[in-house]
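The values are calculated or read from the model by the stated rules, or taken from the named source; none is laboratory data. Treat the numbers as computed from the prediction; the structure is a model and nothing was measured. Note that we place each Cβ from the backbone using ideal geometry, even for glycine, and neighbour counts take in every protein chain shown.
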Amino acid sequence: MVPTEEARELVLAFADDELCVGQNHAWWIAVGPFLEEDLAFTSIAQDELGHARALYSLLSDDIDHLAYGRTPSQYRSAHIAEFLCHDWSWALVRHVLHDIGEQIRWSALTDSSWKELAHTAQRALAEEHFHLQHGLSLIRRLLSNEDGRRRLEPVILELAPYGREYFADPGHGLVDQGVLTISMADQEQQWVKQVSGLFDEFEIPVDLNVQPAAFGRSGIRSKDFDSLHDEMTAVIRIDPKAQW
């Protein structure tokens, strides 16, 4: 199929989310709280950046420009993906919220009428299974500990509502076109159910009815975006001919 502008916007937003989260995960290389997490976040960061590259390649042959050459207002990443999360509690909570969302989002694309997108989703979904299991195992272990819960609960309460922006609808025709097999609204409800169920296990009263506006999708960047963008474009500023 020839992708519509609506379908391209969906893929661009997903790619931007993956780029930002991958870059943010990469920050933890060699500074994680213990060796296993250094290794885990290194591996996950590589996967997320690979997913971003695969999605950008569906939209343009000039992947480097699309990833690094746009103005801030041209990015479509959700704010939760842009947050630096340089505190380990924040990084872990964002990791879990993001990967619950990713599993749902990729699953809605595996039978897409945009065949190249479907193949990308099928490959990515196999990796996401391991990302999600890693995050869920660790956060459950920490929430079962008094000190872990004390550190994580306030972060969960503050950060979780931002995850709903991942499902801001770029349009209403994507299911009719066959690009998506699950509507964005239904994906969002799946995410809300899974996130609520996870934290209900620990009687953490997350209010996901408070939905931040979809600022990122409309081109308004978060307070952390400039710092993140400076970090992820450092190499190409040094060597404009460098290629991803």
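Observations, loosely collected:
- In segment 26-48, the count of residues that are over 21 Å from F225 (Cα atoms), in a loop (DSSP other than H, G, I, E, B), touching a helix residue (DSSP H, G or I) at 6+ places or on another chain (Cβ under 9 Å) and at pLDDT 95 or above is zero.
- Residue tally, condition aliphatic (A, V, I, L, M) and either under 30 Å from P3 (Cα atoms) or more than 19 Å from the chain's Cα centre (by Cα) (or both), over segment 119-171: 9
- For the condition out of contact with any His (no Cβ under 9 Å at 6 or more places or on another chain) and surrounded by 22 or more Cβ atoms within 10 Å (Cβ to Cβ), S77 qualifies.
- Inside segment 105-164, residues that are in contact (Cβ under 8 Å) with a residue 40 or more places away in the chain and within 14 Å of I204 (Cβ to Cβ) make up a count of 15.
- Scan segment 184-239 for residues that are among the β-branched types (V, I, T) and in a helix (DSSP H, G or I) and the total you get is 5.
- Among the residues here, V179 qualifies as at pLDDT 95 or above and β-branched (V, I, T).
- Of all residues in segment 229-244, those satisfying the criterion of being among the hydrophobic types (A, V, I, L, M, F, W, C) and either more than 19 Å from the chain's Cα centre (by Cα) or at pLDDT below 80 (or both) are A234, V235, I236, I238, A242, W244.
- Taken together, L19, L59 contain a single residue that is within 19 Å of the chain's Cα centre (by Cα) and either within 22 Å of H98 (Cα to Cα) or crowded, with 17+ Cβ neighbours inside 10 Å (or both), which is L19.
- For segment 153-173, filtered to residues that are farther than 19 Å from G101 by Cα and either modelled with pLDDT of 95 or more or of a type in the set (V, I, T) (or both), the residue that is surrounded by the most Cβ atoms within 10 Å (Cβ to Cβ) is E153.
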